[in-house]
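Report on the following structure.
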Amino acid sequence: MRWNNLSDDTPATAPALFGTDVVTRTFDTPEFHGITFHEVRARSIVNRVPGTSRMPFTWTVNPYRGCTHACVYCFARKTHSYLDLDTGTGFDSQIVVKVNAPDLLRRELGARRWRGEHIAMGTNVDCFQRAEGRYRLMPGIIAALRDYANPFSILTKGTLILRDLDLLRQAADVTDVGISVSVGFVDTALWRTVEPGTPAPERRLDVVRAFAEHGISCGVLMAPVIPYLSDAPAQLRETVRAIAAAGATSVTPLALHLRPGAREWFMRWLGEHHPHLVRRYQVLYADGAYAPTWYQRRITGQVHELAAEYGMGPARPGAHRSPRDSGRRDAPAAETAPEPEPTQLTLL
């Protein structure tokens, strides 16, 4: 990949909410054609999830905002509006990079007020999206978490996570580490239109295989299950079978949800690619962002039955290894570590 042909715009070209401490770059490579990167210096990096959130974690780290995966259903699209950026193509092509994330995280982990709680990553946008190949923020982030023996989990659609496998193994020896890959379906025709910037589903399952081969348990978040497009019994079976064959230790299904920002963009995509389904979606999601309870229960039941048939189970809360030392560490852990025992992620 060539990165020598990049241009700097003046800070004035950045959205107003960025302030003046920002460098805006564009790259003239085919991989990043039409994409703009806004390099900012964040003031904080460990974020508390709002108390009303349905998410099963309290703290997150997000080194990027916006995502070149360009998933049409991504619930994080709405967050771009807070930066005066478009939640459609702007979310896919205007990427905010918190270039000081590793150093900032190390400082926050060492603060006296920090209690060493679990940190989830990849819960908003993917921390292993293509930009990570250039900015390399995650090695420093993982190293900081390892050195402070701070438990964490990563959810990704990106194959780039394999670059940091050795660091993850070191971290798993001193704290609880969870790895999960998102694979909602294995239909390649659907993938090309609904997740155009992601690695193919089979490549993501290769990530699961690689972690299994190296003794690190890896679960699969089967998300989203897309009504009328990937939820037929035969489709669910094909997906669960592929997940099991890759060596996943668990599978957790999640039906598509359409929050404001994502809903409008997804419905536009649906009207272009599957116009006959627009009315059915209007009915199914008439009450809000989430599919009806009866639909969610049906999908969950079918997937769990298939998982049991193929020798897997759902993700189990509390299935992490215990860290070597209990409680918070004020000093960094050792730089190297022996071979870890398998670890297990539980995001949901």
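Tabulated values for the structure
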| quantity | calculated |
| --- | --- |
| Residue check, Asp176 surrounded by 19 or more Cβ atoms within 10 Å (Cβ to Cβ) and free of Cβ contacts under 8 Å to residues at least 40 places away in the same chain | no |
| So Tyr285, is it surrounded by 15 or more Cβ atoms within 10 Å (Cβ to Cβ), under 17 Å from Pro253 (Cα atoms), modelled with pLDDT of 95 or more and of a type in the set (Ser, Thr, Tyr) | no |
| Leading residue by the ranking (modelled with the highest pLDDT) among those in region 26-48 that are among the aliphatic types (A, V, I, L, M) and in contact with a Ser or Thr (Cβ under 9 Å, 6 or more places away or on another chain) | Val46 |
| Checking Val23 against (1) modelled with pLDDT of 90 or more; (2) in contact with a helix residue (DSSP H, G or I) (Cβ under 8 Å, 6 or more places away or on another chain); (3) under 17 Å from Arg134 (Cβ atoms); (4) of a type in the set (A, V, I, L, M, F, W, C), the condition it does not meet | (1) |
| Residues of region 61-92 satisfying the condition of being in contact (Cβ under 8 Å) with a residue 24 or more places away in the chain, closer than 19 Å to Ala131 by Cα and of a type in the set (S, T, N, Q) | Asn62, Thr68, Thr79, Thr87 |
| Check on Ala308, at pLDDT 95 or above and of a type outside the set (D, E, K, R) | yes |
| Pick from region 213-247, criterion among the acidic types (Asp, Glu) and touching a residue at least 40 places away in the same chain (Cβ under 8 Å), ranking: surrounded by the fewest Cβ atoms within 10 Å (Cβ to Cβ) | Glu238 |
| Any chance Pro196 is in contact (Cβ under 8 Å) with a residue 24 or more places away in the chain, buried (at least 21 other Cβ atoms within 10 Å of the Cβ), within 20 Å of Thr68 (Cβ to Cβ) and not charged (D, E, K, R) | no |
| Single unsatisfied condition, Val207 versus (1) farther than 30 Å from Tyr285 by Cβ; (2) of a type in the set (A, V, I, L, M, F, W, C); (3) part of a loop (DSSP other than H, G, I, E, B) | (3) |
| Residues being under 17 Å from Arg43 (Cα atoms) and without any contact (Cβ under 8 Å) to a residue 60 or more places away in the chain - total across region 114-139 | 0 |
| Some residue of region 143-151 being more than 21 Å from Val23 (Cα to Cα), touching a helix residue (DSSP H, G or I) at 6+ places or on another chain (Cβ under 8 Å), surrounded by fewer than 18 Cβ atoms within 10 Å (Cβ to Cβ) and not β-branched (Val, Ile, Thr) | no |
| Test: residue in region 173-188 that is within 29 Å of His274 (Cα to Cα) and part of a helix (DSSP H, G or I) | yes |
| Which listed residue is under 20 Å from the mean Cα position of the chain (by Cα), assigned to a strand (DSSP E or B) and either of a type in the set (A, V, I, L, M) or within 20 Å of Leu160 (Cβ to Cβ) (or both), from Gly197, Gly219 | Gly219 |
| Test: Leu229 is modelled with pLDDT of 95 or more and either part of a loop (DSSP other than H, G, I, E, B) or within 18 Å of Ala245 (Cβ to Cβ) (or both) | yes |
| Enumeration of residues in region 98-113 that are in contact (Cβ under 8 Å) with a residue 24 or more places away in the chain and not in a loop (DSSP other than H, G, I, E, B) | Lys98, Ala101, Pro102, Asp103, Leu104, Leu105, Arg106, Glu108, Leu109 |
| Any hit, region 267-278, residues being surrounded by fewer than 20 Cβ atoms within 10 Å (Cβ to Cβ), assigned to a loop (DSSP other than H, G, I, E, B), touching a Phe, Trp or Tyr at 6+ places or on another chain (Cβ under 9 Å) and modelled with pLDDT of 95 or more | yes |
| Meets criteria (touching a Cys at 6+ places or on another chain (Cβ under 8 Å) and either within 21 Å of Ala232 (Cβ to Cβ) or at pLDDT below 95 (or both)) for Ala262 | yes |
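The values are calculated or read from the model by the stated rules, or taken from the named source; none is laboratory data. From a predicted model like this one, the values you see are computed outputs, not experimental measurements. So basically every Cβ, Gly included, is an ideal-geometry build from the backbone, and we count neighbours across all protein chains shown.
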